[in-house]
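Participant: Handing you a structure now.
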Amino acid sequence: MSAAADRPHLLVYPFSSSGHVIPLLDLTERLIGRGLAVTVLVTPANIPLLQPLLSRYAPPVLDALVLPVPEPPTSLAQHRLVNRLRAMRDHHSPAVLRWFASHPSPPVAIISDYFLGWTSHLACQLGIPRIVFSPSAAFAVSVEFSLWRDQPRNEHQDADYAVTLSDLPDSPSFNWWQLSLLYRMFAGGDPELRFHGDGMLANMDSWGIVFNSFSELERPYMDHMAKRYFGPGRVWAVGPLLPPPVNDSTVGLADRGGSSSVSADNLLAWLDARRDQSVVYVCFGSRMVLSNAETHALADALEASGVQFIWCVREDGANSGRRPVAGEQGAAVPDGFEDRTAKRGLVIRGWAPQVLILRHRAVGSFLTHCGWNSVLEGLTAGVVMLTWPMGADQYSDAKLLVDQLGVGIRAHEREDSTPNSAELAQILARSVDGSIPERARARELKEAAAAAVSPGGSSDKDLDAFVKAVTELKSEGKRAVASSPEKETNGFPDVI
């Protein structure tokens, strides 16, 4: 675009968790680079995540709409999430309507996080399309859409009750305990989850969807989403949305998402002293924490395995021995563990520069909770994925890694149970064996991910197609929400 004022304007609205904000900000920078003007709606707590972009771009190319949201009342973690989503709707909708009405060049569309299904109604009020941004895999979203659309029930409350999703490619099957806890609570009659269910159905009726994924990874599910929900040309896979590899591997990586208790220089020096693909990296994301029993089992396994490792620990004090939920306290590393493993192990407390670690030549495998951001970071680094899912969409991601992509090894899975330390030790040791088939598959997927985001790659082309679609909204002067072609209308029953 020759003039900044002529750029099509897009409102970007992430959910307030860092794991949702960061990939959408990565997308924002790519959209700016392709000629769009972007306003990012953030809460005050997330301004630091946006600050690097604000330091590089100025209005009207990039602007921030900072809107606070009150903290929800203390309750079950799942209710806190729903209450926060409801509070965001109640406090942000009126403010966005006022902002839109007074803006000299208002946005031609909203792209908002998968959790913010209610923004479809906001977009209708504004007379512009709403596009879903999914920080989750296309497979995981296909599973969630199928659940909320067809609403299978577990009449006998059997945790091992099998749910087969026959509308999905290859009809995947899950045990009841592997399904989203939010859906299980709703199916069990919890009325608080109705709001979340309404949001899921609103997602299905949105104008289009953008995935932080790439076609070579999930083509059957991209095609499924287009055929079943959004129509041709309305599903864009633009990932992996990650910093590109550069010669100085610390650029933009050492403090990505937060600051670490270990300096990048010290961390790299430790890794530089290790053989290629000999280190197991252990991290369960920024929100999941282990129980006392799980922490001790993992420590025993790391010690018995003999592997070199980096273990990122979220350690906020002792807990009752069950797996804590987000916001609760995590278990401490067992006494003496660090001394006994000092020659081959490194423990990082708090935030770790995960992309920096995974991209180092010394790292060979990644023991992960299978959050999608972590999955993509592992795949693009070419490491073997050791799966230990704990909730949300993580069981879907683990199934994708192990059963469909062949790059994963199951480390542990059963909900509310503790892994066998001896078995886990064997898995850890095997994961750094250079001859295992998962190693070759990891290399293939690393190359596929790099090709996807390279000029002319599948994600590069999809990003161009998305920008073209948004640009056409401006050129056509659309102020009405276009229906997605060839998609069915969803209805939500009053009683499940």
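The values are calculated or read from the model by the stated rules, or taken from the named source; none is laboratory data. Quick caveat: nothing in here was measured; it's all calculated off a predicted structure. Virtual Cβ from ideal backbone geometry, glycine too; neighbours counted across all protein chains shown.
Participant: Determine if the range 240-249 includes at least one residue that is modelled with pLDDT of 95 or more and of a type outside the set (G, A, S).
Facilitator: yes
Participant: Using the structure shown, decide if S93 is more than 21 Å from S18 (Cβ to Cβ) and loosely packed, with under 12 Cβ neighbours inside 10 Å.
Facilitator: It is false that S93 is more than 21 Å from S18 (Cβ to Cβ) and loosely packed, with under 12 Cβ neighbours inside 10 Å.
Participant: Checking V407 against (1) over 20 Å from the mean Cα position of the chain (by Cα); (2) without any contact (Cβ under 8 Å) to a residue 40 or more places away in the chain, which single condition isn't satisfied?
Facilitator: (1)
Participant: Taking the range 430-459, which residues are among the hydroxyl-bearing types (S, T, Y), assigned to a helix (DSSP H, G or I) and more than 14 Å from V407 (Cβ to Cβ)?
Facilitator: S458, S459 - these are the residues of the range 430-459 that are among the hydroxyl-bearing types (S, T, Y), assigned to a helix (DSSP H, G or I) and more than 14 Å from V407 (Cβ to Cβ).
Participant: Tally the residues that are assigned to a strand (DSSP E or B), within 19 Å of the chain's Cα centre (by Cα) and of a type outside the set (A, V, I, L, M, F, W, C), restricting the search to the range 4-17.
Facilitator: The qualifying residues number 1.
Participant: Name the residue that is surrounded by the fewest Cβ atoms within 10 Å (Cβ to Cβ), counting only residues in the range 199-238 that are among the polar types (S, T, N, Q) and under 19 Å from P23 (Cα atoms).
Facilitator: S215
Participant: Filter the range 52-65 down to the residues that are surrounded by 14 or more Cβ atoms within 10 Å (Cβ to Cβ) and not in a helix (DSSP H, G or I), then identify the one that is modelled with the lowest pLDDT.
Facilitator: Among residues in the range 52-65 that are surrounded by 14 or more Cβ atoms within 10 Å (Cβ to Cβ) and not in a helix (DSSP H, G or I), the one modelled with the lowest pLDDT is P60.
Participant: R86 passes all but one of (1) farther than 28 Å from P240 by Cβ; (2) outside any helix (DSSP H, G or I); which number fails?
Facilitator: All conditions pass for R86, except number (2).
Participant: Where residues in the range 66-90 are surrounded by fewer than 15 Cβ atoms within 10 Å (Cβ to Cβ) and charged (D, E, K, R), which of them is modelled with the lowest pLDDT?
Facilitator: By that ranking, first place goes to E71.
Participant: It is to be established whether one or more residues within the range 351-373 are buried (at least 22 other Cβ atoms within 10 Å of the Cβ), of a type outside the set (S, T, N, Q), free of Cβ contacts under 8 Å to residues at least 24 places away in the same chain and in the same structural domain as W311 (by TED's automatic domain parsing).
Facilitator: no
For every residue, the table says whether it meets (1) in the same structural domain as R130 (by TED's automatic domain parsing); (2) assigned to a helix (DSSP H, G or I); (3) modelled with pLDDT of 95 or more.
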residue: G19; (1), (2), (3): yes, yes, no
residue: L31; (1), (2), (3): yes, yes, yes
residue: G35; (1), (2), (3): yes, no, yes
residue: V38; (1), (2), (3): yes, no, yes
residue: I47; (1), (2), (3): yes, yes, yes
residue: L50; (1), (2), (3): yes, yes, yes
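Participant: Now, a different point. Could you tell me how many of the residues in the range 96-118 are surrounded by 14 or more Cβ atoms within 10 Å (Cβ to Cβ) and over 18 Å from P60 (Cα atoms)?
Facilitator: Total satisfying the criteria: 7.
Participant: Being among the charged types (D, E, K, R) and more than 16 Å from V210 (Cα to Cα) is the filter; apply it to the range 1-33 and report the residue that is surrounded by the fewest Cβ atoms within 10 Å (Cβ to Cβ).
Facilitator: D6
Participant: Here is a check on your reading of the model: is T387 within 17 Å of Y281 (Cβ to Cβ), at pLDDT 95 or above, among the polar types (S, T, N, Q) and surrounded by fewer than 24 Cβ atoms within 10 Å (Cβ to Cβ)?
Facilitator: No.
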